[in-house]
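Each remark here refers to the structure printed beneath this line.
The values are calculated or read from the model by the stated rules, or taken from the named source; none is laboratory data. Values in this document were obtained by computation on a predicted structure and should not be read as measured data. For neighbour counting, all protein chains shown are included, and Cβ atoms are generated from backbone atoms with ideal geometry for every residue, glycine included.
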Amino acid sequence: VLCDIGFIGLGVMGKNLVLNLADNGYSIAAFDLSNEKVSDAVAQDKAESGSEQARVHGCFSYTELLSKLKPPHLIVLSVPAGEPVDQVCESLVGAGIQPDDIVIDTGNSLWVDTVEREQKYKNKFILFSSAVSGGEVGARFGPSLMPSGSPYAWTRVKPIWEAISAKVDEQTGKPIERTKPGQVVNHGEPCAAYIGPAGAGHFVKMVHNGIEYADMQIICEAYHILREGLGLSPNEIADIFEQWNKGPLDSYLTEISVEVLRQQDQETQKPLVDVILDKAGQKGTGLWTAISSLEVGCPAPTIAQAVFARSISSFKENRVASQALLNGPAPYDIAESDKESFIENLHDAIYCAKICAYAQGFQLMKLAAKEHGWTLDFASIAKIWRAGCIIRAVFLQSITDAFTRDPDLDNLMMDEFFVEQLNNNQANWRKAVADVTMMGIPAGAIASSLSYFDSMRLGTLPANLLQGQRDFFGAHTFERVDKPAGEKYHVEWAEPGRPLIKL
Ligand code: 6PG
């Protein structure tokens, strides 16, 4: 019998997606360059299904994979972004893939690479893409999926994607639990929605990751402030985060931070977080988001700051050396009686910074969509991020509601709900940033968000002086507040008193 789906790349994500597909009734021909990984996936499927009838069929070459599939072939790739994707595509061409076969790239490919690949393989096969979010558990029990490319391919992929994706309860907007092998959820709203033409899905996933970086950094700053500023233990901080996780900050990232903080190191019996080296890794998606924001001219300082924070962390040796050279502030202690309100201020600061990070991410998608001619449905994007993905949070329902109220919203901070949230919490946010500044604890994401908020809410900024400077040294011209937009003026700065030159 021929299999429904071919699968290439059986790393942790790939294997879990295969088992998820199998639980949902699909038969899979699975291939990996490592024979061991193929055998391991087949064995795990057997063990989990408890049946003699295999759902996952191991393949040891591209040709064998194609020969075991129902035509037209549907093949899912779970290989690292970049070169490996091209290598697999070329190998499939060599093995005789057909023009109406579909290949779905589920990795974190750079979106422009996806656009190029779709063109490159046009008459050889249909390259479709669908980034996957949710890590290994998401892949196994329901990820968030961001498909894009050929609408024809989507008609074939849709029922499969809707089956394996995470689901949201339509009444509550909350994820529907699925935690055990063999379990399937076939009700609720699937976290899989068509995003747009080739590249659009990977762009949206890239922004998801940029927001993920910001969200993580904001939580890390809160941890740092509570640790250094109030001298709390990881366990005490976990208690605070656990409380926060019951309100508007309820999110997967808050939840896992609690678990990380509670973990003990078996070797030293210290909190594990105390023995983890403070140097952050990154694979590139946050950086790409920051670069894209600069390219399309979208202010996204919270996201960029989160990327910089990871870079700064990697300068461990410099930081340790500077500690002996550069002074911090005089001690700034919070009185015992003020600790509770300090923690409350910090909570509100985090909430506001988080709103800013999402506002930046959604505005970036809006501006990029305009530039690239995509029609993105932001309510739908927020919806598929409510479950399955790394940034899943209660908060995503409020974003869904905002874009449902106004699909053309320029900036999330202008939606009525978020206006109220920001207005109600900004005093505490300012207080938290002021205290933390006096303590000398870096809080780049939280503080740069406040500056973003202030810049975006002020009708007047000092760019008038900046335009004067530009005109002074480079005759770059400026517009006047009292003349029609587009009229350019220049001053002969060396000859004060001469009338303005209208260009
Ligand atoms: C997800 C994650 C996933 C991956 C990131 C992590 O949505 O499931 O974003 O795609 O974990 O690539 O990126 P860094 O290694 O750069 O932190």
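For the reader, a short list of remarks on this structure follows.
- Top-ranked residue of the stretch 152-181 - restricted to ones that are hydroxyl-bearing (Ser, Thr, Tyr) and in a loop (DSSP other than H, G, I, E, B), ranked as surrounded by the fewest Cβ atoms within 10 Å (Cβ to Cβ): THR179
- Single residue of the stretch 382-395 satisfying the filter (in contact with a helix residue (DSSP H, G or I) (Cβ under 6 Å, 6 or more places away or on another chain) and within 23 Å of MET456 (Cβ to Cβ)) that is nearest to the ligand (Cβ to nearest atom): ILE391
- Any hit, the stretch 45-68, residues being under 22 Å from TRP288 (Cα atoms), surrounded by fewer than 22 Cβ atoms within 10 Å (Cβ to Cβ), of a type in the set (D, E, K, R) and free of Cβ contacts under 8 Å to residues at least 24 places away in the same chain: no
- Residues located in the stretch 245-281, provided they are touching a Ser or Thr at 6+ places or on another chain (Cβ under 9 Å) and farther than 16 Å from ARG227 by Cα: ASN245, PRO248, LYS279, ALA280, GLY281
- Selection status of GLY96, assigned to a loop (DSSP other than H, G, I, E, B) and either within 16 Å of the ligand (Cβ to nearest atom) or within 21 Å of HIS208 (Cβ to Cβ) (or both): no
- Criterion (assigned to a helix (DSSP H, G or I) and either closer than 24 Å to SER109 by Cβ or not assigned by TED's automatic domain parsing to the domain that holds ASN428 (or both)) met by exactly one of ALA306, ALA321, ALA280: ALA306
- Checking every residue in the stretch 107-116 against the condition of being at pLDDT 95 or above, more than 13 Å from the ligand (Cβ to nearest atom) and surrounded by fewer than 17 Cβ atoms within 10 Å (Cβ to Cβ) gives at least one match.
- Hey, GLY149 more than 16 Å from the ligand (Cβ to nearest atom), more than 20 Å from LEU10 (Cβ to Cβ), modelled with pLDDT of 95 or more and crowded, with 20+ Cβ neighbours inside 10 Å or not: yes
- Residue count for the stretch 283-303, restricted to those that are part of a loop (DSSP other than H, G, I, E, B) and within 16 Å of the ligand (Cβ to nearest atom): 2
- Residues satisfying the stated conditions in the stretch 396-425, i.e. hydrophobic (A, V, I, L, M, F, W, C), more than 16 Å from the ligand (Cβ to nearest atom) and part of a helix (DSSP H, G or I): ILE399, ALA402, PHE403, LEU412, MET413, MET414, PHE417, PHE418, VAL419, LEU422
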